[in-house]
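Shown next, in structure tokens, is the structure this report addresses.
The values are calculated or read from the model by the stated rules, or taken from the named source; none is laboratory data. Just so you know, these numbers come straight off a predicted model, no measurement behind them. In this analysis, Cβ positions are derived from the backbone assuming ideal geometry, glycine residues included, and neighbour counts consider all displayed protein chains. With ligands, DNA and RNA removed, areas are computed over all heavy atoms of the protein, side chains included. Shrake-Rupley method; radii C 1.70, N 1.55, O 1.52, S 1.80 Å.
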Amino acid sequence: TGRPDLYVVEVAGHSMEPRYDSGRRVLVDPRRSPGVGDDVIVQMRAPTFDGEEVRNVLIKQLVRRRPGAIVLRQFNPPLTFEVPNERVAAVHRVMPWDEALGF
């Protein structure tokens with residue numbers, strides 16, 4: 001793609017089935033801002049003894065952004081929930097493979 005900033009994540013777990021099965025790889029675009037309805041990678045920050053670091057990563061669907069939180073959806077089991085902004089290090093858009101291949 002000529003985009004060294006893109007990265008690949010391997011899905012672990014079943015919360016996004018049937019859209020993403022465990023073991024499937026997804027391409028992630030950290031530069032394009034995700035919109036409502038986009039699938040996203042959410043990097044979750046956690047405190048450490050000397051600051052903060054990304055400790056968990058979620059793959060979910062972005063439902064909306066609201067002051068103080070983002071709202072996410074998973075499919076298995078169906079659940080919509082909020083994550084406070086102070087826990088979020090980054091939200092990156094999952095790029096569909098057909099978009100990456102230019103279709």
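Of the residues that sit in the stretch 44-103 and are in a helix (DSSP H, G or I) and within 24 Å of LEU6 (Cα to Cα), which one is least open to solvent (accessible area, probe 1.4 Å)?
ALA100
Quick one: is ARG19 among the charged types (D, E, K, R), in contact (Cβ under 8 Å) with a residue 12 or more places away in the chain, on the phi < 0 side of the Ramachandran plot and assigned to a loop (DSSP other than H, G, I, E, B)?
yes
Among the residues of the stretch 1-31, how many are in contact with an Asp or Glu (Cβ under 9 Å, 6 or more places away or on another chain) and open to solvent by 90 Å² or more (accessible area, probe 1.4 Å)?
The total comes to 5.
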